[in-house]
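A.B. asks: Next up is a structure, given as structure tokens.
The values are calculated or read from the model by the stated rules, or taken from the named source; none is laboratory data. Because the structure is predicted, anything quoted here is derived from the model rather than measured. Note that we place each Cβ from the backbone using ideal geometry, even for glycine, and neighbour counts take in every protein chain shown. Accessible surface is based on the protein model in full, side chains and every heavy atom, while ligands, DNA and RNA are left aside. Shrake-Rupley method; radii C 1.70, N 1.55, O 1.52, S 1.80 Å.
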Amino acid sequence: MAVVLATSLSYAAPSLGAEATDLPSQSKASSDQIEKLIDAIRANGALTDKDLLRRRADFETLMASTPDPTRVQIRRVDANGVDADLIWPARLHHPIGRRVILYLHGGGFYSGSLRTHRNIAASLAKAASCDVLLIDYRLAPDYRFPSQMDDAIAAYRWLLMSGYKAGNIAIAGESVGATLAIEVVLNQLRLHGALPAAVIAMSPVTDFAATGASMTTNAASDPFMGKDELTVIHNAFARDQSATDPGISPLYANFSGFPPLLIQVGSRETLLNDSMRLAEKVKQAGGDVSMEVWPGMIHQWQIFPFWLEDARKSGGRAAEFAVAHFADKPAQ
């Protein structure tokens, strides 16, 4: 298992049985960018309003103020009944239909859309020189579990039916989108179905029971995710499911046979320990897992590449991971 840790972290990481490679310590410019982002999100209200529909609208307003992606083509598609954008680099002779990342957005299962996550999807398409399918899965509280999972599985199967080989598909997502990405593959494992080449989990929610130590130790440093927010999400989309049900909390699942996995998490996140425990569990099941702990980063920093240099860098590393595992590598 490859483990990438920040040199400036003060937490005690569990033993992962692998030599760690250092990421650079956080720069002052990076720290300043993060603090400006936190101020903007707080002022917007996307994670502080009590009403979930109001939160959804606030998040749309925040992301509507961001620039549209450039140097990509976007086509609206029906992916087995799921609205989606197929995004690919606007390059001469780009081989559309060869390699693809299925991107599953975060937003607590109650917010997020094709517009809010178009930038990160486009960034991955350009960096990995591949297509990206960004889906608009159904949202809570209007639609509850397993609607979100059903839509993600339907989109994955649409890719297979559309001619993409499983070995040229990666599944990625951030926050609860990363949870979905993992759960889609666990479902394929249970059904003995075709597995993607790789999975990329950015700031994944892995344990709705909130048992990780960093839920307490990082509570003061993580402005937007914690026990209360996990309870809000759980109650909105899966109130009737146990918080330790492996169908919603992948930390409790069986990972035997899981494909190569990249986990990215910020050092400030309350989800830090959950990600570390997930990495250890995949490793113990014989899996190939790479772990990156990004210094000073908060939950979902990856979706802001237009404001954060570290979002651009972490997105580039995610793209490299996908490319490294595609059966057909893009031309250099």
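A.B. asks: Going by what's in this entry, would Val72 be described as under 16 Å from Gly315 (Cβ atoms) and not small (Gly, Ala, Ser)? Give the derivation first.
C.D. replies: Details: under 16 Å from Gly315 (Cβ atoms): yes; not small (Gly, Ala, Ser): yes.
So Val72 passes the test.
A.B. asks: Here is a check on your reading of the model: is Phe321 at pLDDT 95 or above and assigned to a helix (DSSP H, G or I)?
C.D. replies: yes
A.B. asks: With respect to Ser290, is the statement that it is touching a strand residue (DSSP E or B) at 6+ places or on another chain (Cβ under 8 Å) and at pLDDT 95 or above true? Steps first, please.
C.D. replies: Values: touching a strand residue (DSSP E or B) at 6+ places or on another chain (Cβ under 8 Å): yes; at pLDDT 95 or above: yes.
Yes.
A.B. asks: Kindly indicate which of Asp78, Asp58, Asp85 is open to solvent by less than 30 Å² (accessible area, probe 1.4 Å) and part of a strand (DSSP E or B). Reasoning before the result, please.
C.D. replies: Numbers: Asp78 fails: open to solvent by less than 30 Å² (accessible area, probe 1.4 Å); Asp58 fails: part of a strand (DSSP E or B).
Answer to the selection: Asp85.
A.B. asks: Quick one: is Ser31 among the polar types (S, T, N, Q), open to solvent by 40 Å² or more (accessible area, probe 1.4 Å) and outside any helix (DSSP H, G or I)?
C.D. replies: On the way: among the polar types (S, T, N, Q): yes; open to solvent by 40 Å² or more (accessible area, probe 1.4 Å): yes; outside any helix (DSSP H, G or I): no.
Answer is no for this residue.
A.B. asks: Filter region 275-307 down to the residues that are open to solvent by 10 Å² or more (accessible area, probe 1.4 Å) and under 15 Å from Phe258 (Cα atoms) and list them by number.
C.D. replies: Glu280, Lys281, Lys283, Gln284, Ala285, Gly286, Gly287, Asp288, Ser290
A.B. asks: Tell me, which helices (runs of 4 or more DSSP H) wholly within region 152-271 include 3 or more residues that are open to solvent by less than 10 Å² (accessible area, probe 1.4 Å)?
C.D. replies: Working: elements: 176-190, 214-217, 227-238.
Because the criterion is at least 3 residues that are open to solvent by less than 10 Å² (accessible area, probe 1.4 Å), the helices (runs of 4 or more DSSP H) in region 152-271 that meet it are 176-190, 227-238.
A.B. asks: Looking at this structure, is Pro196 in contact with a helix residue (DSSP H, G or I) (Cβ under 8 Å, 6 or more places away or on another chain) and under 23 Å from Ser31 (Cα atoms)? Steps first, answer last, please.
C.D. replies: On the way: in contact with a helix residue (DSSP H, G or I) (Cβ under 8 Å, 6 or more places away or on another chain): yes; under 23 Å from Ser31 (Cα atoms): no.
No; evaluated as a whole, the condition is false for this residue.
A.B. asks: Of everything in region 65-75, what is over 30 Å from Met161 (Cβ atoms) and either touching a strand residue (DSSP E or B) at 6+ places or on another chain (Cβ under 8 Å) or exposed (fewer than 11 other Cβ atoms within 10 Å of the Cβ) (or both)? Give them in sequence order.
C.D. replies: Ser65, Pro67, Thr70
A.B. asks: Next up: Pairs, please: C-beta under 9 Å, at least 6 apart or cross-chain, first residue free of Cβ contacts under 8 Å to residues at least 60 places away in the same chain and in region 67-81, second open to solvent by 100 Å² or more (accessible area, probe 1.4 Å) and basic (Lys, Arg)?
C.D. replies: Arg71/Arg91
A.B. asks: A further question follows. Look through region 106-125, keep the residues that are in contact (Cβ under 8 Å) with a residue 60 or more places away in the chain and either on the phi > 0 side of the Ramachandran plot or of a type in the set (Lys, Arg) (or both), and return whichever of them is surrounded by the most Cβ atoms within 10 Å (Cβ to Cβ). Walk me through how you get there before you give the answer.
C.D. replies: Step one: of region 106-125, the residues in contact (Cβ under 8 Å) with a residue 60 or more places away in the chain are 106-112, 116-117, 119-120, 123-124.
In the following step, the residues that additionally are either on the phi > 0 side of the Ramachandran plot or of a type in the set (Lys, Arg) (or both) were identified as 107-109, 112.
Numbers: Gly107: 25, Gly108: 25, Phe109: 30, Gly112: 25.
Per the criteria, the residue is Phe109.
A.B. asks: Could you tell me whether region 144-167 includes any residue that is under 22 Å from Lys329 (Cα atoms), within 18 Å of the chain's Cα centre (by Cα) and among the hydroxyl-bearing types (Ser, Thr, Tyr)?
C.D. replies: Checking region 144-167: at least one residue is under 22 Å from Lys329 (Cα atoms), within 18 Å of the chain's Cα centre (by Cα) and among the hydroxyl-bearing types (Ser, Thr, Tyr).
A.B. asks: I would also like to ask the following. Considering region 124-151 alone, what residues qualify as being polar (S, T, N, Q) and not in a helix (DSSP H, G or I)?
C.D. replies: Keep residues of region 124-151 that are polar (S, T, N, Q), which gives 129, 147-148.
Across region 124-151, the qualifying residue is only Ser129.
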